[in-house]
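Here is the structure we will look at, set down as structure tokens.
Read-outs: derived from the displayed coordinates by stated rules, not from any lab. In this text the structure is predicted, and so the values were computed from the model without any measurement. Reconstructed Cβ throughout: ideal geometry from the backbone, glycine too, with neighbour counts over all protein chains shown.
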Amino acid sequence: MDITFEKIKGDSVAYKTAMIIFALFAIAGAVSTWIVIQKGLWITGMNNRVPWGLQIVMAVYYIGLSAGSLVISGLYGVFGKQEYKPFARIAVWIAMLFLIAGLLSILTDQGRMDRVFVQPFVHFNLQSMFSINPILYSGHILICIIYLWALFTERKKLTTVIATLAFGWAFCVHSGTGAIFGFGARMLYESPLLPASFVAAAMASGTALMILLIVGLFKITKRCLDDRLVLWLGQFLAVCILVVVYFLFIENAYRAYVVELRQAAMYYLFGGLHSIFFWGGLIFLGLVVPMFILFRKKTGQSIKWIVIASGMVVFGILFERYVIVLPGLTYPQEILPGMHITQSMIQEGIAAYNISLAEILQALGVFGVVGFLFLWGLRFFKLLPTEAIIYDQIGLIKRIEYLRQKGIHIEDKKPRALAAR
Amino acid sequence: MDRRDFMKLAGGTILVISSGTYAFQFLTGSIRSATGEGIDPNAVRWGMVIDLTKCQEGCTACLDACRQENNVALHGDPKLDVHWIRKVKAESMIGNEVQEKSILLLCNHCDKPPCAQVCPVQATYRRHDGIVIVDHHRCIGCRYCMIACPYNARQFNLKDNEHWANKERPKRSHGVAEACTLCAHRLDVGKPPACVEACQNVGAGAIMVGNLNDANSEVSQIISRYATKRLREELGTEPKVHYVGL
């Protein structure tokens, strides 16, 4: 069954309002970034003890969403699930945009943004994860472009090849991002498990994002969507969440068990605002409640509940990124083992980090850029399918009902011919 | 094969081999130069000894000298102030008695510097004489080195230094990470680092700098004679600041 893709008209009030809001976000972010460039990073919440803040959290989060949504496109490209072909284009498009968002977040976080465009490409240091990752990121964007082109031109063989490459690459991209922290010398960073758990969290958040986008877009643009496609994604999401929970458990159990790390583990689990984010935001809102919704038969089969669960996961994984990046920095390094520093010129001991307005605006700005480009893409590229159904008896009956609701009568030959197939 | 084909083949081969060799050298060379592998063992290797038993409580001569010499910024706000060398008070339990010590903390100029390993642009590198230094014209301000440094010795210039006292040294503009340079510019012309000089001037002589590769140098003699300690030796970073009486 051939699927037709089309552009949206983009003349509705909702579309234009959304475009304007995203553009305003982007402008606010640009202004904030300009002020940071002029004045220096002191106007952000970061300091010499906590050198990374919200922008790095957002970068990791966006890159995760990107890698995750690319996996959804792989359902068609790699595993040949024809029924997911309608979402392939939009998944790759969003994967590309969120990777750009991640790069923008990293860029706007640098002390000298002007040098980022030259120095990393002239002076490589292959021992640094920060040197290896740009290769992975730019490769990811390049692959996404070729992937999109293959999908647009309906090149089946190329699609399979590039989709497989993209699938593997997405794993590398996110493992690489996890390695920035996992291979670091901080007590709460250092963990060979981190790259793997990063990938799991990326899959969960990416799948959840795709569910939200698919259901939302199909509803707003009044397209026919087969519920079963979303139900399966819901089940897939539930499995992803299980894997995330497993990794989180192993990691924290290890830290709490090993004497050397126990104090750090206690700080992580019960030591301040980040602990509230961990238990309330990530564990409860982001993982336990969605898992309950998705595994429960009644709610797990309802599109409305799956969408709610997905929203919670997308939100919860943001907390996960926060509790990876920040507690590792605020927890002090042991410079003088066996000694307790009582007086110093800088913050020793547990450091403080407060998110500043400048950083929030920058983060919103990057989100605005992505949202704007996404909507713009819907209007200028054939990204959305006319419909997304499984072409069997149930699917086709659904389609006929849907068309009838729209006022198109089934006397129309096409649906009948299809039903006959 | 005619002459033209032969020339093409030969030219192509030379091009491939030379560019391949260059790429190989570029990549592997970068790794070696960043972290200082393959360095001549007979060359100078600067190291420092801090004798805490001689360090006087309340004295800030070395801190002030460092600030003056290197234009290290002091904004009057603890969040923004930059300290290339800092003095901390630390307590430890000896038996059931609390013992308090004043300790100087600064860049340890590690032989295997984690900061240089993670720098994506090789702005941080280990000089051939063992000094770990930042090229502040190249640093992009990613702050990965601050994450990697186990001694919290790296400091980021969050704000421009408004008091540019020593015009012979850089102003320390915002957006780059820096740390103690062991006053490489002074060592290069045969002068001791500013902190060492200041410490001698107040009559304490608690800080010494010398060639660790020379068995007869003052620092080597102290290290061989006394039980000196280095910070977090177990991390394998090979720090070159040795403490007496820690």
Q.
Please arrange A:VAL199, B:VAL189 by how many other C-beta atoms lie within 10 Å of their C-beta, fewest to most.
A. B:VAL189, A:VAL199
Q: Kindly write out, for segment A:236-249 in residue order, the coupling ³J(HN,Hα) from the Karplus curve 6.51 cos²θ - 1.76 cosθ + 1.60 (θ = phi - 60°), rounded to whole Hz, with x marking Gly and Pro.
A: 4, 4, 4, 5, 4, 4, 4, 5, 4, 4, 4, 4, 4, 5
Q: Return the long-range amide H neighbours of A:ILE341 (sequence gap of 5 or more, or a different chain), with a cut-off of under 5 Å between placed amide H atoms.
A: B:GLU91
**Q.** Ranked list, fewest to most other Cβ atoms within 10 Å of each Cβ, for A:PHE198, A:PHE315, A:PHE292, A:PHE181
**A.** A:PHE292, A:PHE315, A:PHE181, A:PHE198
Q: Under 1.5 on a/c is rounded, so check that first for chain B, then, if it is not, pick prolate when a/b is larger than b/c and oblate when it is not; a ≥ b ≥ c are the square roots of the alpha carbon gyration tensor eigenvalues.
A: prolate
Q: Assuming a ≥ b ≥ c are the square roots of the Cα gyration tensor eigenvalues, decide whether segment A:43-165 counts as rounded (a/c under 1.5), prolate (otherwise, with a/b larger than b/c) or oblate.
A: prolate
Q.
I want to check the label-to-label distance for B:ASP188 and A:ASP11. Put each point 7 Å from Cα in the C-beta direction and report it in nm to one decimal.
A. 6.9
Q) What residue among B:LEU80, B:LEU235, B:LEU187 has the largest mean-square fluctuation in a Gaussian network model of chain B, using Cα springs under 10 Å? A) B:LEU235
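What is the packing order of peptides A:26-34, A:294-302, taking the mean over residues of other C-beta atoms within 10 Å and listing the highest first?
Going by the mean number of other Cβ atoms within 10 Å, highest first, we get A:26-34, A:294-302.
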Q | 3J(HN,Hα) from dihedral phi, segment A:95-112, Karplus parametrisation 6.51/-1.76/1.60, rounded to Hz, x for glycine, proline | A | 4, 5, 5, 6, 5, 4, 4, x, 5, 4, 4, 5, 4, 6, 8, 6, x, 10
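Can you give the direction-averaged projected area of the convex hull of the alpha-carbon atoms in chain A, in nm²? Working shown, then result.
Working: hull surface 90.7 nm².
Projected over every direction and averaged, the Cα hull of chain A covers 22.7 nm².
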Q. What is segment B:109-161 by shape, rounded, prolate or oblate, if you read a ≥ b ≥ c off the alpha carbon gyration tensor as root eigenvalues and call it rounded for a/c under 1.5, prolate for a/b larger than b/c, and oblate otherwise?
A. prolate
(Q) Compute, for segment B:107-246, the length of the dipole vector about the Cα centre, with Cβ point charges of +1 (Lys, Arg) and -1 (Asp, Glu) only. Units Debye, rounded to 20. (A) 260
Q. With a 10 Å Cβ neighbour count serving as the proxy for reagent exposure, in which order, fewest first, do B:HIS242, B:HIS163 appear?
A. B:HIS163, B:HIS242
Q. What are the residues whose amide H is under 5 Å from the amide H of A:GLU6, where those residues sit 5 or more places off or on another chain and H is modelled from the backbone?
A. A:LEU383, A:LEU384, A:THR386
**Q.** Cα-projected label distance for A:LEU273 with B:ARG3, points at 7 Å along beta-carbon direction, nm
**A.** 7.8
Q: Estimate the FRET efficiency between B:LEU235 and A:PHE284 by the formula 1/(1 + (r/R0)^6), using the beta-carbon distance for r and 35 Å for R0, to the nearest 0.05.
A: 0.40
(Q) With an 8 Å Cα cut-off and a minimum separation of 6 or more residues, compute the relative contact order for segment A:5-147 in percent. (A) 22
Q: Quick one: angle between helix A:393-405 and the longest Cα principal axis of chain A, in degrees between 0 and 90, rounded to 10, please.
A: 80
Q: Calculate the mean, over all residues of peptide B:74-87, of how many other protein chain Cβ atoms lie within 10 angstrom of the residue's Cβ.
A: 3
**Q.** Per chain B, cysteines lacking a partner by the 4.7 Å Cβ criterion
**A.** B:CYS55, B:CYS59, B:CYS66, B:CYS110, B:CYS119, B:CYS139, B:CYS142, B:CYS149, B:CYS183, B:CYS199
Q. Given only helices, namely DSSP H runs of n ≥ 4 each adding -39500 (n - 2.57), what is the per-residue ellipticity at 222 nm of chain B, to the nearest 500 deg cm²/dmol?
A. -9000 deg cm²/dmol
Q: Averaging sequence separations of C-alpha pairs under 8 Å and six or more residues apart, then dividing by the length of segment A:233-317, give the relative contact order as a whole percent.
A: 30
